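Notes for the one structure printed next.
The values are calculated or read from the model by the stated rules, or taken from the named source; none is laboratory data. Here the structure is a predicted model, which is why all the values come from computation and not from measurement. Neighbour counts run over all protein chains shown; Cβ positions are idealised from the backbone, glycine included. Just the protein is used for accessible areas: all its heavy atoms, side chains included, with ligands, DNA and RNA removed. Shrake-Rupley method; radii C 1.70, N 1.55, O 1.52, S 1.80 Å.
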Amino acid sequence: MNDSIIRQQRDRAYIDFFEDAESRRRWNVFNDVPWDQLDPSKPTKATLLALEHTCSEEMYLPDYSAKVMHLFRASFGHAWFWANWSYEESKHSLALREYLLRSGHRSSQWMASFEDSIFSSEWKMPFGEIRQVACYGALQETATYLGYKILKERAAESQDKVLGAIFDFIGRDEAAHAGFYRTLLSIDMQADRQGTLADMAFVVARFKMPADGLVPGYAERLAASGLSHNTRWYLEKVVMPTLKSIGSSWDELRAHSRKFSPVRDASAA
């Protein structure tokens, strides 16, 4: 497959992604969330910690946007996706911020202090190659979607319509982001299967969520969101479904990991 065809496929993948977003996924923070039904007594302490966790991840948007765009800038499909991604993530951050403030669970002063603590640390790109970033994006967006899915289920159990709507809207976006990265990786697999699997093996072995190591109390907030640092959970819920979606398997990835990087074994606890 020559470079021109690969480029056309990537560009088409973005156009399809954007068309779907415009026709089916767009939502308005102020008009589509049923704020008039907000009940501050609904969320548990664990849910509030989870909100802080997701909010902290989203607040690094200035770092994500600037640094990744610099890497993507020469590719239409990648760069225009990133511009759209940044817009959608900004809505996620705003919706979470609005909930914490409108519910009265967090004050403006608390939020300002929280933001200052976030911005005092700078997020650095964990990978420097476009395809490695796509591998990371496919894994990270999948894990993020699973976190919002858990929170949406909790909101449904407590009949919290506001948080349920917020988590539903954000979760749909995160699933679409993961899907786009999987499409890119499927294209890469056709063009360079060996190189793509080598990059995936490299990323899998070094994966962590974006704010891990930056936000104080990160582990507690992560646990409250329903996600896990557990290796088995990571492999079974995130890595293996991603591999399956791009036409590969854990066994094939392990073969590459022996050559390129020390991927953890699926039997690890």
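The relative contact order of segment 88-221 comes to 30 percent, based on Cα pairs under 8 Å that sit 6 or more residues apart.
In the neighborhood of ALA134, defined by Cβ-to-Cβ distances under 13 Å, what is the net charge if each Lys or Arg adds +1 and each Asp or Glu adds -1? Intermediate values should be presented prior to the final figure.
Working: positive: ARG10, ARG131, ARG182; negative: GLU129, GLU141, ASP188, ASP192, ASP199.
For residues surrounding ALA134, the net value is -2.
For LYS161, the aspartates and glutamates whose Cα falls under 14 Å of its own Cα, not counting residues fewer than eight places away in the same chain, are ASP32, ASP36, ASP39, GLU153.
If you add up the charges near LEU222, with Lys and Arg at +1 and Asp and Glu at -1, over every other residue whose beta carbon is less than 12 angstrom from its beta carbon, what do you get?
On the way: positive: LYS208, ARG221; negative: GLU52, GLU57, ASP212, GLU220.
Surrounding charge for LEU222 is -2.
Surface exposure of segment 76-227, expressed per residue as accessible area with a 1.4 Å probe, stands at 39 Å². Taking the longest Cα principal axis of the chain as reference, the axis of helix 250-260 is set at about 70 degrees. Using a probe radius of 1.4 angstrom, the carbon and sulfur fraction of the accessible surface of segment 83-165 is 51%.
On C-alpha positions alone, give me the angle between the axis of helix 76-102 and the longest principal axis of the chain, in degrees, nearest 10. Helix 76-102 sits roughly 20 degrees off the main axis of the chain. Descending by average beta-carbon neighbour count within 10 Å, the peptides 12-20, 237-245 line up as 237-245, 12-20, the highest first.
With runs of 4+ DSSP H residues as the only contributors, calculate the mean residue ellipticity of the chain at 222 nm using -39,500 (n - 2.57) per run, divided by the residue total and rounded to the nearest 500.
Values: 11 runs with 179 residues, N = 269.
Roughly -22000 deg cm²/dmol at 222 nm, from the helical runs in the chain.
Angle of helix 130-157 to the longest C-alpha principal axis of the chain, folded into 0 to 90 degrees and rounded to 10: 30°.
Count Lys and Arg as plus one, Asp and Glu as minus one, and take only other residues whose Cβ is under 11 Å from that of HIS78; the net charge is then +3. Separation of segment 195-213 and segment 159-191, taken as the distance between their Cα centroids, equals 19 angstrom.
Straight-line cross-link partners of LYS208 among the aspartates and glutamates, defined as a Cα under 13 Å from its Cα and at least 8 positions apart when in the same chain: GLU57, GLU141. With 18 Å as the limit, the listed pairs LYS124/LYS152; LYS42/LYS152; LYS124/LYS149; LYS124/LYS237; LYS149/LYS244; LYS67/LYS149 have LYS124/LYS152; LYS124/LYS149; LYS124/LYS237; LYS149/LYS244; LYS67/LYS149 beyond it between alpha carbons.
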